[in-house]
1. For Ala51, only one of the following conditions fails: (1) farther than 14 Å from Glu18 by Cα; (2) out of contact with any helix residue (DSSP H, G or I) (no Cβ under 6 Å at 6 or more places or on another chain). What is its number?
2. Just to be sure I understand the filter: pairs with C-beta atoms under 8 Å, separated by 6 or more residues or on different chains, first member in the range 25-42 and at positive phi, second member of a type outside the set (D, E, K, R). Which pairs pass?
3. Looking only at the range 47-85, filter to residues that are at pLDDT below 85 and of a type in the set (Gly, Ala, Ser); which one of those is nearest to Gly15 (Cα to Cα)?
4. Kindly list the number of the only condition in (1) within 20 Å of Asp73 (Cβ to Cβ); (2) surrounded by fewer than 20 Cβ atoms within 10 Å (Cβ to Cβ) that fails for Ser33.
5. Does any residue of the range 54-68 turn out to be surrounded by fewer than 16 Cβ atoms within 10 Å (Cβ to Cβ), within 15 Å of Phe29 (Cα to Cα) and among the acidic types (Asp, Glu)?
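The values are calculated or read from the model by the stated rules, or taken from the named source; none is laboratory data. None of the values given here were measured: they were computed from a predicted structure. Neighbour counts run over all protein chains shown; Cβ positions are idealised from the backbone, glycine included.
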Amino acid sequence: MLISKSGHREATYGGRIEQTAAGLHASVFRLFSRYVPPYANVVDLGSGDGAWAKRLHDAQYRVTACDRKVRKDRGFPYHEVDLNANSVTVFQRGSMMRSRFWKLSSI
């Protein structure tokens, strides 16, 4: 657990800062894993540093991460997608939508 400059607690997973309330990823993962079977294809929208995507990847989910800034060498596909722009055309043109995804996730 880290303390940010603003004094808020920050959690990390796999060396990546969870860009959400401390403990939220762990809580949501417990629910998520109850309903989504391992090896399911999952898209993580707004991945940031990839903490949520890494947690899913480590639990045997087939993760595709998306964010405005692509992070390399994450162990799973990472695509540049600006969710503030017209993302529909990006998804339609991109190769990532050739797969069927079990769930779309963004925390």
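1. Ala51 satisfies every listed condition except (1).
2. Within 8 Å, the pairs are Tyr39/Gln60; Tyr39/Tyr61.
3. The residue in question is Gly75.
4. Here Ser33 clears every test but (1).
5. So far as the range 54-68 goes, yes, one or more of its residues are surrounded by fewer than 16 Cβ atoms within 10 Å (Cβ to Cβ), within 15 Å of Phe29 (Cα to Cα) and among the acidic types (Asp, Glu).
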